[in-house]
Amino acid sequence: MENINKINVKDDYNREYFIKLSKSIVYTAIGIIIFFIPIKLNGQVLNLIYHISYKLQSNMKHFIEVCIVFYLIIGMFKEILKCNLKNKNILIISRIVALIFLVNIFFGSKNGLLGNDNVYLLIEEVVLNTIIVFTIGVLFMPFLEYGLLELTSVYLNKYTKLLFRIDGISFLNILVYIFTNPFCGMFMTNKLYREGKLKEYEACNIILNFSILSYPIVIYICGYLNINLAYAITVSTTVLILINIVLSRIYPISKKKKSYYLKSNKKNSYPKKDKLKKIIKYYLSNSDSKGLFKAIIDNLEESISISINLIPNIVIFLYIGQIILNSEIIIEIIKILINPVLDILQVKNINELVGFIIDVFYNTIIGINNVDKSISIQTKILICIIGILSCTSISTNIIYIANNKMALKINIKEFIISYLLRINLIIIIYIFIAYLYSGYLI
């Protein structure tokens, strides 16, 4: 009788193991297809998240605009009800101003308030595209949490630690930045940090140094500047690896804590032998009991909560940002910081390059659209690489980090210093590569 009970227990365990494993394989396959497999639809080769986003914008644009305004109103009332909130009046005023701007952009005449049609178009595009792609990406993100994180981690941790001082689990996170948008990537980075899977310095490293442009925007930049896509990706990847080997070891990353936000009993596992078998066993024995549907609903609730704070930040930051960055004082300061490197390396079209460096800190698309196409091909390539690898922008990670839902904190000084160091390193390394390749400086 005792033997029969043991057999039944073993059968139940094997059955549960098989169900968990099957679920993990199916959900992981769905996640890979949704996030990382480009599919050609309507003449565009994009992943399913972007196809769904464009379909929604095409068929439900006005409904989405109403929802966004509704989010803003909810956020405004939430701020009013928080009696103990610091700077409460400033926050409420900023919400009201953002609401007026957005209502005018979505439903009004689109003139008079901002004084610049480009700002109107930029705010509308960033709000619609970003929020839709962000919400869809976050909604499907649980499909990536059924063993794929652990699988990529165990095979890549050795190399990511050696090169960039980040956990191998970060690799999948970086792919999310590339195939969706920076907001989806930062949502995942913050979640991994909050759950005790990344240390503070690792999470900051990813946001400051690996939040590169998404693939659809890279395609647009290469098309606009008439640069071969494969060449741009190859050179950008080489430069990315070289500059991040340096940037991962200096300020501001070097000053970040080497501790976890949350101490977890579930430590990352890195077996040296039988990696696949052991990591599957580790995942199945440590997997969360929370179901897929519950995880999707939780992510949806969090994305809405973040969007309520994110939307007014986008409006206010982009409006104020274009005023500040158009200031002659800012332009002169950037020239002082960048020109010595440009002069030493004999870079052509310095004024155009400095103008782009300022614009791309505001928004990459604005920066690219302001580029004079008559400049030399070498400068175009350099501009393309800077656009792809800049990793810091008012319209992306600076806005997102300003959101009070973030467990991870990076201040504006760290963003600016990281950006300037990055730009200088990109220029130096690219010029060096071009010199070796062609035998002459640009």
key: segment 211-237, residues that are out of contact with any Cys (no Cβ under 7 Å at 6 or more places or on another chain), buried (at least 20 other Cβ atoms within 10 Å of the Cβ) and assigned to a loop (DSSP other than H, G, I, E, B)   = 213, 214
key: Close pairs (7 angstrom Cβ cut-off, 6 or more residues apart or separate chains): touching a residue at least 60 places away in the same chain (Cβ under 8 Å) in segment 30-53, small (Gly, Ala, Ser) and crowded, with 18+ Cβ neighbours inside 10 Å anywhere   = 49/137
note = Given the conditions (1) closer than 24 Å to residue 33 by Cβ; (2) under 13 Å from the mean Cα position of the chain (by Cα), every one holds for residue 169 apart from (2)
remark   = Picked from segment 349-370 (must be under 22 Å from residue 182 (Cβ atoms) and assigned to a loop (DSSP other than H, G, I, E, B)), the residue farthest from the chain's Cα centre (by Cα) is 370
query = What pairs come up if the first residue lies in segment 349-362 and is touching a residue at least 40 places away in the same chain (Cβ under 8 Å) and surrounded by 19 or more Cβ atoms within 10 Å (Cβ to Cβ), the second is aromatic (Phe, Trp, Tyr) and assigned to a helix (DSSP H, G or I), and their beta carbons are under 7 Å apart, counting only those six or more places apart or on different chains?
reply = 361/419
task = Count, please, the residues in segment 199-210 that happen to be touching a residue at least 60 places away in the same chain (Cβ under 8 Å) and closer than 21 Å to residue 179 by Cα.
result = 6
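Looking at segment 177-186, which of its residues are buried (at least 24 other Cβ atoms within 10 Å of the Cβ) and not in a loop (DSSP other than H, G, I, E, B)? Reasoning before the result, please.
So the first thing to find is which residues in segment 177-186 are buried (at least 24 other Cβ atoms within 10 Å of the Cβ), and the list is 177, 180-186.
Result: 177, 182, 183, 184, 185, 186.
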ask   = residue 208 versus (1) within 29 Å of residue 26 (Cβ to Cβ); (2) crowded, with 24+ Cβ neighbours inside 10 Å; (3) not hydroxyl-bearing (Ser, Thr, Tyr): which is the lone unmet condition?
value = (1)
key: Selection within segment 238-263 - surrounded by 14 or more Cβ atoms within 10 Å (Cβ to Cβ), more than 14 Å from residue 425 (Cα to Cα) and either out of contact with any strand residue (DSSP E or B) (no Cβ under 7 Å at 6 or more places or on another chain) or not aromatic (Phe, Trp, Tyr) (or both)   = 252, 253, 256, 261
query = If the Cβ limit is 8 Å and pairs must be 6+ apart or interchain, which residue in segment 327-348 that is within 19 Å of residue 383 (Cβ to Cβ) and part of a helix (DSSP H, G or I) pairs with which residue that is charged (D, E, K, R) and modelled with pLDDT under 80?
reply = none
ask   = Among the residues of segment 371-429, which ones are over 28 Å from residue 311 (Cβ atoms), polar (S, T, N, Q) and either in contact with a His (Cβ under 7 Å, 6 or more places away or on another chain) or assigned to a helix (DSSP H, G or I) (or both)?
value = 378, 379, 424
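The values are calculated or read from the model by the stated rules, or taken from the named source; none is laboratory data. None of these values were measured; they are calculated from a predicted model. We place every Cβ from the backbone using ideal geometry, glycine too, and count neighbours over all the protein chains shown.
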